[in-house]
Structure formats: C-alpha cells, structure tokens
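Report on one structure; see the data block that follows.
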Amino acid sequence: MTLRSSLFALLLTAAVCVAAEPADWPTYRGNSARTGNTDGLPGPKKPAVLWVVKSQDHFLAAPVPVKGGIYVAGVGAFNRPTASVLAADTGVPVWSRSAPYFRLASVSSPAAVGNLLFLGDGMHQDAGGILHALTVDKGQPLWQHPMPGELVHLEGAPTVAGGRVYMGAGDGGVVCVEAAQATLDGKPVTPAEIEARQSARWKELQAKYEADKKRDPDFAVPPNEDQLFKPSPKLVWQQGVKTWHVDAPVNVAGGKVLVGSSFLDKEKSGRRELFALDAATGETKWSFALPLNPWGGASVLGDTVVVTGSSVGYAVGELKGTKGEVVALDLATGKLKWRKDVPGGVVGCAALVGGVAIVTATDGKVRALSLTDGERRWLYDAKAPLFAPVAVAAGAVYVGDLVGAVHAIDAATGAGLWRLDLALDPKVKSPGMVYAGAAVHGGRVYVGTVNLEGPSARRATAFVAIGEK
C-alpha cells in the first residue's frame, strides 16, 4: 500500500537509544488508573527536544506508544483526518492514513492489543461515526463498525478487555463488539484471514491500475484503501442510545464498564451520570448522578473509582468562572466515598497512583488528592490553564498547558522539577496549546499541540519527543 506522509513535514531528527517495544495499551492512558505510562521507566531529568514534527494539523488525541513507534492523530483544514505511526527514534512516518479511508476527523486515542489497533472517528459536528480496526505494523484496515445518526460520533477512547472492544458513541451510547470476530460476505473471518484477503485485494487493485495506465494513462485512477473489503465485527450489545451522550473514554474494571455520560445544554441531549454496566451483558449495575459533565471519564485503582467533572468543555474562550469537581465512588456499589469541589474545570481524567488522585484544572493548578478522603496532599501552580490530564512515571508527573509549556513535577511533594516552553525552544519555535495528555515511554515524553483558537490560531503546530539532554 502507498503511505501518505505528505501532511507531516519533518523539521528535525535525532538519533537516540532504541526504546523497548511497548506492551499492550488496551485502554485510554494505557491502564485503568490512567497514568499515561506502562513501562515504569523514568522520563528525562534534564529535558531536551529530540525531534519535532511541524504540521498544520491539530493534535487533539492523546498519543499512544505502539510496536514500531508512536500513534499520532491530526485534524487538518476542513477537518481532514490523518492517523499515523511515527518512528519513536526519529519521528519519520512508518505509515499514515487519511481520506478517503478516514472520511471523518478522528480525535480518538486508540487502544492497541497485539497487532490490532482500535479507534473511532467523527466529531461533534458530524452525524455518524465509525469504529475502526487496523493493524499496528502497517495500518492495514481490518474491519469497520459504522454507527449512523445525529449527534452520534466516536470521540472518546475505546477499551479492549476479554477479547471485546467497548466504545462510547455520543448519542449512540456505548457499544460492545468482538475484537477478533467479524463477518465478510456473511461468513466469519479472523483478523489473519482479513489481512490476507486485504493484501490480495490490494494487489488486484494495483494490477488494474497498471493496466488502466497502459490503456489510457490520462484517466487511470490509483487505488486507495477505501476500495478494500469492509468486514463487520460481531455486535455483542449496545446501551444508552438517544438517552446518554458518551464522549468520554470508557473504562473496564472488576467486570464492569464505566461509562461517563454528559448533558449537552444547547442540544438538550444526554444525562450527567456515571454508569457501571455488566461487561458481559451491558446491564446497568449502578449509576451515580453528576452535576458536571465527566468529559475525562472514570479512573480506577483497586476498589475506588474517581470521576472528574467540568462546567466547560474544550473551549478556551469560556474559561472564566468555570467549576470543577472530583468524585470518588466504590467500584462494587457506586456509593459515594468523597467529593471535592475545584475552582476550575477538571476536563481531563484523574491519574491514580501512590494513594492519590492527580488532577489538572483550568485554574492552572495540578492537585494531588488523597484517595482515602479527598484531602489535598500537594498543589503545583503551572501558571497557565490546563486541559490535559497528567502522565505519571517513576515518581514524576508530566503535563502540558495551554501556553505550550511541558511541566515535570515531583509526584511525592508537588515540587517543580523542570519546565520546557515549546514556543521558545530553538528546535520547535512554535507556540501552541496542549489539549491531550502526554504519553511517557522509554524515558521520553511525547506531546502535541493545538492551534484551533487563541492567539496562535492557524499557526503551525508541533508534535515533539522530549528526552534526556
């Protein structure tokens, strides 16, 4: 297949030591505790930008370490989508997919299990979306699960558990499909069979194109991935259609699917509530009403569920007077353990580690709250509003803010370790805002910027790898 890498212009590459291949990343932020790190290796003590990719795309989805590199999704002009895997050591694209295969923009941070990659597409303005399965190594399409309907879109992150994929879909509620069971022409097929048939189909399309060029080169049209087969996965269950509005990433723990539903004030759609569903059947086990929208979804550690809330979504112009909260619940029963108000919207999820829930807020503060009673353990002032959740690795906390600075914080004390301003860094020199949580893997911090609005609107964005100086 042809690789589409024209949307990414490589500014700089640097040779660094080869990191170990990532383990599976089956859910948002890598695990149910939402730490944004799975290998436990410390990030850089003296940060330096190892490489940077400059783009006109906006990096709204959290990056994911996968075998062979880092998955990155960009939204370009007219919401043109691009999904790529970049080589971890250089930033050079391993593969890239865009239109016409992806017809809608994707802000979904994927789940990666083995050589399977799962992600959604569609944004708020879209009617309908698709849950996709591709191969990690080549980005080869495997199956699609289309979900039509107004206010139906797959913006959040899926979770893979027990061989099934769980995904929120806006007004489509939450859907559960089999990860490795699909049908093509009414017959069951495995991922390996699909991959073989897609490869054969691609060879056929290329052969036809070569023949067309010889016959009439002016009218020969090269093939694209949208002409491949489109198997459908087996649907297990779907809940909350036209009742909930699920944009948050789902979480699976203790045999339950934790689903954060929001209420859209303008459209008068959805409910502000956290639902715990039976993972096997979709049956509601318990629910907990919320006063604020849980855009970041639920985090789980042991028997504790922590869900964050915000009176504002990802709207930079509406931050004044925003409110937030952090709620802790019992995983088995849904009963309230504690609740904490925050003087700023908590848009991102909590990271649960070391007996605390670490949350960011639009008031520019990072807070560590005790998992036992919600009391504050420490506070760090980033001095700029925060949308992105933190990543935590080997005793350090990493987060990007809305002026494009990346902060490292001591996880035990809240003391600042370092701050790297991407707009001023000589290898980047690109102002931007960080919406999505950074990923930490192999001792590096990976983070991208957004320039949809604000003082740097329509200027180039950057996706960077930060390592040891």
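All of the numbers you see were taken from the coordinates with simple rules; none came from a lab. Note that the structure is predicted; figures quoted are calculated from it, not measured. Glycine also receives a Cβ, built like all others from the backbone with ideal geometry; neighbour counts cover every protein chain displayed.
Could you name the lysines in cross-link range of Lys383, using Cα to Cα under 19 Å and dropping any fewer than eight places away on the same chain? Qualifying lysines at Cα under 19 Å: Lys320, Lys323, Lys365.
For Lys230, a cut-off of 26 angstrom between C-alpha atoms picks up these lysines, skipping any fewer than 8 places away in its own chain: Lys67, Lys138, Lys187, Lys203, Lys208. Show log10 I(q)/I(0) for segment 342-469 at q = 0.09, 0.12, 0.17, 0.22 Å⁻¹, two decimals, from a solvent-free Debye sum over equal Cα scatterers. Debye output, listed in q order: -0.23, -0.41, -0.81, -1.30. Computed from backbone phi with θ = phi - 60° and the Karplus coefficients 6.51, -1.76 and 1.60, the 3J(HN,Hα) list for segment 451-460 is 9, 6, 8, x, x, 10, 3, 6, 7, 4 Hz; x is used for glycine and proline.
Annotation: amide H of Asn31 within the under-5 Å range of Gly36, sequence separation 5 or more or interchain, hydrogens built in the peptide plane.
Computed from phi, the 3J(HN,Hα) profile of segment 112-126 under the Karplus parametrisation 6.51, -1.76, 1.60 (θ = phi - 60°) reads 10, 9, x, 9, 10, 10, 10, 7, x, 9, x, 10, 4, 6, 8 Hz, with x in place of Gly and Pro.
Dipole of the chain computed with +1 at Lys/Arg Cβ and -1 at Asp/Glu Cβ about the Cα centre; of Tyr314, Pro426, Pro42, farthest Cα towards the positive end is Pro426.
Within straight-line reach of Lys268, meaning a Cα separation under 16 Å, sit the following aspartates and glutamates at least 8 residues removed in sequence or on another chain: Glu150, Asp171, Asp247. Helical runs (DSSP H, four residues minimum) scored at -39500 (n - 2.57) apiece and divided by the length of the chain put the mean residue ellipticity at 222 nm at -2000 deg cm²/dmol.
The alpha carbons of segment 110-242 give a radius of gyration and a Dmax of 16.7, 54 Å, in that order. Across all Cα pairs in the chain, the calculated P(r) in 20 Å bins from zero up to the longest distance comes to 26, 59, 14, 1 percent per bin. Along the axis of the charge dipole computed for the chain (Cβ charges of +1 for Lys and Arg, -1 for Asp and Glu, origin at the Cα centre), the listed residues Ala112, Ser269, Ala411 are led at the positive end by Ala411. Each of Tyr209, Tyr28 was scored by other Cβ atoms within 10 Å of its Cβ. Listed from fewest to most, they are Tyr209, Tyr28.
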